[in-house]
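The values are calculated or read from the model by the stated rules, or taken from the named source; none is laboratory data. All figures in this text were calculated on a predicted structure; none of them were measured in a lab. FYI the Cβ positions are ideal-geometry reconstructions off the backbone, even for glycines, and counts take in every protein chain you see.
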């Protein structure tokens with residue numbers, strides 16, 4: 001345990017050192033990147049995440065391999081070695097499908113009779129589980145546009161599952177549960193202070209890790225409604241699906257980034273209305289979205305067994321998201337002369 005606390009301190013000191021030395025910097029000048037942040041911040045959060053994950057699952061070489069492989073896709077993206085979004089997505093598809101098949105990681109039930117019949121087919125179950133993982137991985141990357149937003153979201157979901165007793169030793173050993181939360185809290189603080197960013201490597205890794213935990217928990221707790229798990233991760237998943245439809249409607253490649261995700265529109269609104277600096281607008285926007293999602297996740301945790309309760313919550317969340325999105329989009333379009 002003492003070595004783990006030393007590791008937490010190392011994260012802090014190494015992060016400060018790397019920023020002062022200007023190493024592993026992130027800023028490429030891309031419009032979508034500079035929209036809500038400025039300056040060169042080290043993209044090292046993913047590195048600090050992969051090390052304890054490898055340690056936690058050191059007895060399972062299959063998990064270590066796939067966590068490391070997903071991390072490396074993001075790491076090479078961060079380092080501008082793997083620039084093509086299409087190639088990154090191809091590697092993700094290959095790895096995720098391989099992972100699902102090798103580990104037999106399947107979504108067991110939807111509580112919809114005709115769909116459960118389809119899920120009883122192993123091939124369909126593998127493909128559907130892979131699809132869900134891919135949506136979550138890339139949705140996690142999408143929402144990682146504000147300081148601390150993805151890390152906070154992951155913290156809330158993991159803590160909620162642990163607090164409800166839905167994470168077994170097969171998923172995360174008891175002695176490691178609070179250690180994972182500790183790492184995420186340290187990274188959250190450093191991210192908010194603009195000392196580090198988790199980058200694509202950290203976003204892909206967190207999305208993949210969260211998907212593994214969610215599907216594994218679902219398989220081990222069949223009395224819990226599958227829609228409870230959807231409620232837990234609705235935001236990054238819906239953000240991804242909504243973004244794909246939005247871009248296709250504009251005849252724009254879903255793989256190309258833009259500045260019209262919900263978190264970017266919230267940032268634009270906060271910056272314009274309050275006149276704060278970019279960093280304060282960034283952090284405040286992240287807090288607003290985190291509190292909104294915390295409320296949804298807290299409500300869904302009140303009745304995890306009820307499918308009707310969870311479906312109503314998901315529908316309400318989506319309606320609120322879409323309403324807020326179009327209101328903020330209209331504000332954005334009416335204020336295009338906004339300057340940072």
What about residue 178, is it touching a helix residue (DSSP H, G or I) at 6+ places or on another chain (Cβ under 9 Å), part of a helix (DSSP H, G or I), more than 18 Å from residue 231 (Cα to Cα) and modelled with pLDDT of 95 or more?
-> no
Scan segment 8-41 residue by residue and report those that are closer than 12 Å to residue 195 by Cβ, out of contact with any strand residue (DSSP E or B) (no Cβ under 6 Å at 6 or more places or on another chain) and at pLDDT below 90.
-> 20, 39
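State whether one or more residues within segment 111-119 are over 20 Å from the mean Cα position of the chain (by Cα), within 28 Å of residue 43 (Cα to Cα) and surrounded by 11 or more Cβ atoms within 10 Å (Cβ to Cβ). Outline the logic, then answer.
Step one: of segment 111-119, the residues over 20 Å from the mean Cα position of the chain (by Cα) are 111-119.
From the residues that got through so far, the ones that are within 28 Å of residue 43 (Cα to Cα) too are none.
No: segment 111-119 contains no residue that is over 20 Å from the mean Cα position of the chain (by Cα), within 28 Å of residue 43 (Cα to Cα) and surrounded by 11 or more Cβ atoms within 10 Å (Cβ to Cβ).
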When you go through (1) under 16 Å from residue 220 (Cα atoms); (2) touching a residue at least 24 places away in the same chain (Cβ under 8 Å) one by one for residue 176, which number turns out not to apply?
-> (1)
Would you be able to say whether some residue in segment 56-71 is within 19 Å of residue 188 (Cα to Cα) and in a helix (DSSP H, G or I)?
-> yes
Scan segment 50-65 residue by residue and report those that are over 17 Å from the mean Cα position of the chain (by Cα) and closer than 16 Å to residue 213 by Cα.
-> 52, 54, 56, 57, 60, 62, 63, 64
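Surrounded by fewer than 21 Cβ atoms within 10 Å (Cβ to Cβ) and either out of contact with any helix residue (DSSP H, G or I) (no Cβ under 6 Å at 6 or more places or on another chain) or under 28 Å from residue 101 (Cβ atoms) (or both): which single residue out of 210, 232, 205, 245 fits that description?
Criteria check complete, one pass: 245.
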Only one of these conditions is not met by residue 140: (1) closer than 30 Å to residue 78 by Cβ; (2) not in a helix (DSSP H, G or I). Which number is it?
-> (2)
Would you check if residue 81 is closer than 30 Å to residue 262 by Cα and assigned to a loop (DSSP other than H, G, I, E, B)?
-> yes
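Would you point out which residue out of 89, 71, 75, 94 is surrounded by fewer than 17 Cβ atoms within 10 Å (Cβ to Cβ) and under 17 Å from the mean Cα position of the chain (by Cα)?
Numbers: 71 fails: surrounded by fewer than 17 Cβ atoms within 10 Å (Cβ to Cβ); 75 fails: surrounded by fewer than 17 Cβ atoms within 10 Å (Cβ to Cβ); 94 fails: under 17 Å from the mean Cα position of the chain (by Cα).
The conditions single out 89.
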Using the structure shown, decide if residue 65 is modelled with pLDDT of 75 or more and surrounded by 18 or more Cβ atoms within 10 Å (Cβ to Cβ).
-> no
Of all residues in segment 158-171 being within 17 Å of residue 56 (Cβ to Cβ) and either in contact (Cβ under 8 Å) with a residue 12 or more places away in the chain or under 15 Å from the mean Cα position of the chain (by Cα) (or both), the one that is surrounded by the most Cβ atoms within 10 Å (Cβ to Cβ) = 161
